[in-house]
Amino acid sequence: QLQLVESGGGLVQPGGSLRLSCTSSGETMDYYAIAWFRQAPGREREGVSCISSSDGTTAYADSVKGRFTISRDNAKNTVYLQMNSLKPDDTGVYHCAADRMYYYCSGDMLNPPDLDYWGQGTQVTVSS
């Protein structure tokens with residue numbers, strides 16, 4: 001089993017930055033592509049970004065391209081989501097997720113809601 005835990009959320013002003021972290025227990029994340037999703041009030045869950053297990057291939061939702069950067073440090077068993085130029089519309093609960101079928105990231109990974117492993121989420125609030 002893979003247990004995922006997110007951290008790093010908080011309250012920031014528009015234009016500010018946050019870095020979210022996703023770590024795992026039980027298994028390492030080395031063999032999995034890792035994705036970030038967010039859930040905002042009144043909106044559908046949105047796939048934000050993902051990163052491959054080995055070659056660093058990434059994908060991003062159009063809404064965050066140029067502002068968010070996903071990365072991973074396997075030595076620290078951590079995947080990061082660096083969020084810059086934050087907007088109020090970025091507000092939501094951010095979850096990291098993984099699936100047995102995904103070792104490489106692709107845009108398709110950001111579409112299905114039925115990935116195998118999910119973290120509990122961390123709240124990001126962008127407000128003045």
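The values are calculated or read from the model by the stated rules, or taken from the named source; none is laboratory data. Bear in mind that the values here come from a model prediction, so they are computed numbers and not experimental data. For neighbour counting, all protein chains shown are included, and Cβ atoms are generated from backbone atoms with ideal geometry for every residue, glycine included. Remember, those area values only see protein heavy atoms, side chains included, never the ligands or the DNA or RNA. Shrake-Rupley method; radii C 1.70, N 1.55, O 1.52, S 1.80 Å.
Per-structure values
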item	result
Distant alpha-carbon pairs in the chain (separation over 25 angstrom), percent	16 percent
Loop-resident sites, the range 42-113, for trypsin sites (Lys or Arg not before Pro), counting at most 11 other Cβ within 10 Å (DSSP)	Arg43, Lys65, Arg100
Size of electric dipole in the range 18-104: Cβ of Lys, Arg +1 and of Asp, Glu -1, about Cα centre, debye, nearest 20	220 debye
Solvent-accessible area per residue for the range 1-63 (1.4 angstrom probe, square angstrom)	49 Å²
Simple spin-label estimate for Met101 and Thr69 in nanometres, 7 Å along Cα-Cβ	3.2 nm
Relative contact order computed over the chain (Cα-Cα under 8 Å; 6+ residues apart), in percent	36 percent
Calculated log₁₀ intensity ratio I(q)/I(0) where the Debye formula runs over C-alpha points of the range 1-70, q = 0.16 Å⁻¹	-0.67
Surface share of carbon and sulfur [accessible, 1.4 angstrom probe, percent] for the range 58-128	47 percent
P(r), alpha carbons of the range 74-128 - 5 Å bins starting at zero, rounded %	4, 14, 21, 23, 21, 12, 4, 1, 0
Candidates per GluC sites (Glu not before Pro) in the range 1-85, loop by DSSP, up to 11 other Cβ within 10 Å	Glu44
Furthest towards positive pole of dipole, Tyr104, Thr91, Ala61, structure part the range 32-128, Cβ charges	Thr91
